[in-house]
Every structure is written in C-alpha cells, then in structure tokens.
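S.K.: Before anything else, here's the structure in question.
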Amino acid sequence: MKPPALARLSHPSFRSSSTPRLLPSSPGITLPPRNHPPSCSLLSTYPLSRSPLSTARLIAQHALWQHDLRFLLHPTIQSSLSLPTLSPTSPPHNTTSPTTPLRIHDLATGTALWPLSLLQSLTPPSTSPAHHDPPPQPPSAPPITITASDISLLQTPHPSFLPPALETAEWDIYSPAGVPPHWVSAFDIIHIRLALLVVQGGEAGAREVVRRGYSMLRPGGWMQWDELDVEGAGVLNGAHPTTEAERAEKARFLRMQELASLEHLRWVRRLPGLFGEVGFGEVGRESVEGERSSAGLLQMLQFLVMQEEMEGFEMAGKEEGERVRGDIEWGRRMVAERGWVRYVPKVVVVGRKPG
Ligand SMILES: C[S@@+](CC[C@H](N)C(=O)[O-])C[C@H]1O[C@@H](n2cnc3c(N)ncnc32)[C@H](O)[C@@H]1O
C-alpha cells in the first residue's frame, strides 16, 4: 500500500458533509459510567500527564498544528462573523472589529495557548512588558472575551499572567451537573481541539460534547472541533513491505502509538453527522494533510505522549509500563534506521446553530 500523500494545505471553502439532517437537540443522553466504558480502560480517565514536560509538549503541538492549519478559526467562521484575518502572522486589525462583544469558549483548553494566540491575532500588541503589573482594564468591554475551561488548570498560566479578555475556568466537560446556567446560550464560538482521549464512551460521549457545545451557543453561533483523523493514519517513508514480517512490523509501529483502540475512536469520522444530529446547520469538514516536516516533528512528540502513558502505568504499578518502554525504544530505532514516521491527517469540523 502506498503511504498517504502529503500536500500543502490549501484553503478551499468547506466541502459540505453528507447532507446532515437537522434534528432538535438530542434529549436525555445517558453516558456510560465514567470508570467503566466497555473494554476501553484507557478512555475511562485522561491517561496523559500534566507535568512540565507534558505542558511543553502541548505548547510544541500547538505550534505544529498552527504550522499546518494556518488558521485558528476556520475561514468560514471568520468571514461569517466578519472577523479580522486571524492568521497569527498577519497584522492585527486589518478589518473592522465587530461592534458587539464576541464571546468565545475553548473547551479542554490545556495550556490556553489556542485562546491566547487567538486574542493576540485580534488585538493590538500590548506595550507593557510581561514582568510589569498588568495594565488597567480598559473602560469599555473588550470587543472579544474568551473563556478557556479544562478539568484541570495545572497547565494554564496563573490568571494574573493572562490578558483581561481571557478567563480560565475549571470544568469537567462531562460534569453531571451539566453546563453551568451562565454559560447556556452565552457564546458566539465554541472551540475544542485534540479531545481524542477526553471523549468517553465513543460516539455517545462525542455526541454529548457536541450537544453541550450546542447548548452553550447563542443562535447563529459556531462550533469548531479540530481533531486527529486516526482512522486515516499511515506510515510515511517506509518502503512497501515485501514480506509478512515487514508488514507485521509496520502494523506494530502504527498500532503501538494509538493510546486507545480504533474501535473507540470511530466517532472522529462521525463528527459531521453528530453535529447534524444535535441540530447544527451549515456543517462542514475539512481534512488538512499538513507538511511532511510537521509529520516528522509530530512523530517525535508522539514518543513523549508514549512516555507519559508509560509513566502513568509505572506509577500505577502496572506491567504495561515495561511494554511501552520497549515500544518507545524500538519505535525510535525504526524512525532512525528506516525513516518511518506515523502520519495522522487532521480534520476540522464546523457547524452553526440556527439563528
Ligand atoms: C490533548 S490535551 C489538548 C489541550 C488543548 N485543547 C490543545 O489543543 O492544546 C487534552 C486536554 O483535555 C483536558 N481534559 C481531560 N479530560 C477532560 C474533561 N473531562 N473535561 C475537560 N477537560 C478535560 C486535559 O486536562 C487536557 O488539558
């Protein structure tokens, strides 16, 4: 099988997903119990670390996602809301700002680097250096405010180091209490990225996240979900395997890097359908292939992910830690000796709450 071809990202407008049906929000979804999703223990609790190294990995990942996507908000959302060009490298304020304050929420934010980058791209550069006291709040409400929530805020900067327009909140996306009342119908944009290991219980769990995002939006608001298209994963640079042993090695190289079985991740390709089922209109999906260089760098970060998984097993006194340690050593050898790189396409799904 030929390795998947990589192309530079182009920015075509969204291909419409397969005509999503517009249905009312799904009532009363029952999630599987958090601690026991069927035969998928890794999805029961978030398996990655919040160590300084893990934080550095998230920061590096953000840079590589930006390198490939070249947008923070999909151009469809930008133009729909008449936002300035959101490329972090473009000069800010190159079009008029929206007249009413825009509220954005980044779910499972991690380091809060996505909202920080978005704010930077939308607001003029600050004249006060980071080590000074924060400047006084502007007298009028900022044109954009962002809430960044996560089940743990260990990886976000302390609030005193955040710009006034960005607030953080500790929130479990699966909180049994549901969406806090002050967040219902409160936002213009809901964003979530890299929630593969956050979603619990496969498709039902993903649908619940989409449903909660929908309920947090004002009519006319947009939801954007950036995810890894794990079903499209392949090995780059590898010569076509000629023997059964080579085929098995390549399969091992791919499989060992998945932290959950593909069976439980099929919801990623179902996202446009789930958006439609929950009630979103104007649903679109863009597959981003990215650059070969990013794939090579992301491969290195993937070994850090495996290291975090290994340390989790070891801390829990589980034997799997040894197996993952061996996998990392073997995988790094395959990268160095054979030039193998696991490649996973990225996918961006958007939908609009009817106005
Ligand atoms: C892979 S990181 C992605 C972080 C960020 N979205 C990014 O792209 O850089 C996943 C994040 O989800 C958070 N998380 C895990 N379970 C969660 C839950 N039930 N509710 C909210 N956040 C959760 C983790 O704490 C972590 O920060």
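The values are calculated or read from the model by the stated rules, or taken from the named source; none is laboratory data. Quick caveat, the model's predicted, so the values are computed rather than measured. Glycine also receives a Cβ, built like all others from the backbone with ideal geometry; neighbour counts cover every protein chain displayed.
S.K.: Here are the criteria: (1) modelled with pLDDT of 95 or more; (2) over 22 Å from the mean Cα position of the chain (by Cα). Tell me which single one Ala141 does not satisfy.
M.R.: With respect to (1) modelled with pLDDT of 95 or more; (2) over 22 Å from the mean Cα position of the chain (by Cα), Ala141 is out only on (1).
S.K.: Count, please, the residues in the stretch 285-309 that happen to be modelled with pLDDT of 90 or more and farther than 18 Å from Arg70 by Cβ.
M.R.: Qualifying residue count for the region: 10.
S.K.: Quick one: Leu274 ticks every box in (1) surrounded by fewer than 20 Cβ atoms within 10 Å (Cβ to Cβ); (2) assigned to a helix (DSSP H, G or I) bar one, so which box is it?
M.R.: The number of the failed condition is (1).
S.K.: Moving to a separate point now. Considering each of Glu282, Glu329 in turn, give the residue that is assigned to a strand (DSSP E or B), surrounded by fewer than 21 Cβ atoms within 10 Å (Cβ to Cβ), among the acidic types (Asp, Glu) and out of contact with any Cys (no Cβ under 9 Å at 6 or more places or on another chain).
M.R.: Only one candidate qualifies: Glu282.
S.K.: Those residues that are farther than 15 Å from Thr145 by Cα and within 14 Å of the ligand (Cβ to nearest atom), I need them from the stretch 162-185; list them, please.
M.R.: Glu170, Trp171, Asp172, Ile173, Tyr174, Ser175, Pro176, Ala177, Gly178, Val179, Pro180, listed by residue number.
S.K.: For residues that are in contact with a helix residue (DSSP H, G or I) (Cβ under 7 Å, 6 or more places away or on another chain), within 20 Å of Val347 (Cβ to Cβ), more than 11 Å from the ligand (Cβ to nearest atom) and not hydroxyl-bearing (Ser, Thr, Tyr), tally how many sit in the stretch 186-217.
M.R.: Of the residues in the stretch 186-217, 8 are in contact with a helix residue (DSSP H, G or I) (Cβ under 7 Å, 6 or more places away or on another chain), within 20 Å of Val347 (Cβ to Cβ), more than 11 Å from the ligand (Cβ to nearest atom) and not hydroxyl-bearing (Ser, Thr, Tyr).
Conditions (1) of a type in the set (Gly, Ala, Ser); (2) surrounded by fewer than 21 Cβ atoms within 10 Å (Cβ to Cβ); (3) part of a helix (DSSP H, G or I), marked per residue:
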site	(1), (2), (3)
Arg218	no, yes, no
Trp222	no, no, no
Phe253	no, yes, yes
Leu259	no, yes, no
Glu286	no, no, no
Gly296	yes, yes, yes
Glu311	no, yes, yes
Arg323	no, yes, yes
